[in-house]
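Peer 1: Here it is: the structure, laid out below.
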């Protein structure tokens, strides 16, 4: 039972980390690309 719980927590943590990674990339690209986008338009 403990193994199952720890595995579920580990999977949950992986999902959360993946979500944060996606958000970070989105923000990072927005910050990096926005100045060029504004300058070119």
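Please treat every number below as a calculation from the coordinates, not as lab data. Because the structure is predicted, anything quoted here is derived from the model rather than measured.
Peer 1: For the chain, what is the mean residue ellipticity at 222 nm derived from helices alone (per DSSP H run of n ≥ 4: -39500 (n - 2.57); sum divided by total residues; nearest 500 deg cm²/dmol)?
Peer 2: That calculation yields -35000 deg cm²/dmol at 222 nm.
Peer 1: How much length is gained if the chain between residue 14 and residue 26 is pulled fully straight, taking 0.36 nm per residue apart and subtracting their Cα-Cα distance, in nm to one decimal? Present the calculation step by step, with values, prior to reporting the outcome.
Peer 2: Values: separation 12, 0.36 × 12 = 4.32 nm, distance 1.83 nm.
Extra length available between residue 14 and residue 26 comes to 2.5 nm.
Peer 1: If you don't mind, another one. Extension gain residue 41-residue 7, at 0.36 nm per residue separation less the Cα-Cα distance, in nm?
Peer 2: Extending this stretch completely gives an extra 7.3 nm.
Peer 1: Hey, of (i) 1.42; (ii) 1.96; (iii) 1.92, which did the structure itself give for Cα Rg over 2.2 N^0.38 Å when calculated?
Peer 2: (ii)
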